[in-house]
Amino acid sequence: MGAILALLPGILSLLPTIVTGAEKIIALIGSIRAASQQSGEWTPELEAAFLNALLATKTDPAYQSDHGPA
Amino acid sequence: MKTSFLSLCLLFLAACSALKPGADPLVIRAEQTETIAKSTFDATLGIDHADRGFWRTNAPAFHGFCEWLRVLQPINARGDTMPRASAMIYSLDVVKRDYQVSKSSSNAVYSAIATLLSAVNQATGWIMVATNNPH
């Protein structure tokens, strides 16, 4: 088990050569890991930070339509 | 093979945590769903945005789904808008906060979670298609 875990960083670093968008998939896996470890409700600060992140998507280029902001 | 590999990574990286005393499991499930939804939509839209022309030509259905996620939606009576991907998450957050102050029932939270998860499942499916190496 420990040996496999030790190999993980190396394996993960190889992912970009294997699939498209691997770094985004790695970020997604990290997020799922963080979410699964949540043990308490969000504090007001965390809630506000999350809502701000949602609001920020309105100006995120990846979230802009092909036709630009409506 | 690739799916198995990613599942394996997930298995090693993920470990569920015990809830703190007094924490509402439904609220935490809603927050976990919001977190995962945000990351899933970030990944989906980020992959599409990296080469929109390619996806528009070679995977129009994938690009069409991403464009659907990008359409601005009203989020309140004041007329503020957000891209649909964020608006769906925001909607669950509103229902969750209403539930926390007992303005909505747990059924409403379950329904909002299910609605958001259906979009997340579609996005996850598209990630698997878009990142599949055909060689």
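Table for the structure above
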{"quantity": "Close pairs from segment A:39-63: first more than 9 Å from chain B (Cβ to nearest Cβ), partner surrounded by fewer than 16 Cβ atoms within 10 Å (Cβ to Cβ), Cβ under 9 Å, at least 6 apart", "calculated": "A:59/A:69"}
{"quantity": "Hey, residue B:97 surrounded by 12 or more Cβ atoms within 10 Å (Cβ to Cβ), in contact with a strand residue (DSSP E or B) (Cβ under 6 Å, 6 or more places away or on another chain) and not aliphatic (A, V, I, L, M) or not", "calculated": "no"}
{"quantity": "Number of positions in segment B:52-80 that are within 11 Å of chain A (Cβ to nearest Cβ), within 18 Å of the chain's Cα centre (by Cα) and more than 18 Å from residue A:58 (Cα to Cα)", "calculated": "2"}
{"quantity": "Residue in segment B:41-52 that is surrounded by fewer than 19 Cβ atoms within 10 Å (Cβ to Cβ) and aromatic (Phe, Trp, Tyr) present", "calculated": "no"}
{"quantity": "For residue B:118: the one exception among (1) under 11 Å from the mean Cα position of the chain (by Cα); (2) more than 18 Å from residue A:58 (Cα to Cα); (3) crowded, with 21+ Cβ neighbours inside 10 Å", "calculated": "(3)"}
{"quantity": "Cross-chain or 6+ apart pairs with Cβ under 8 Å, segment B:10-34 first and farther than 12 Å from residue B:96 by Cβ and more than 7 Å from chain A (Cβ to nearest Cβ), then at pLDDT 95 or above and exposed (fewer than 14 other Cβ atoms within 10 Å of the Cβ)", "calculated": "none"}
{"quantity": "Subset of segment B:85-121 [of a type in the set (D, E, K, R) and either in a helix (DSSP H, G or I) or within 14 Å of residue A:50 (Cα to Cα) (or both)]", "calculated": "B:93, B:96, B:97, B:98"}
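The values are calculated or read from the model by the stated rules, or taken from the named source; none is laboratory data. Note that the structure is a prediction, hence the values are computed from the model and not measured. No Cβ is skipped: glycine too gets one built from the backbone with ideal geometry, and neighbour counts run over all protein chains shown.
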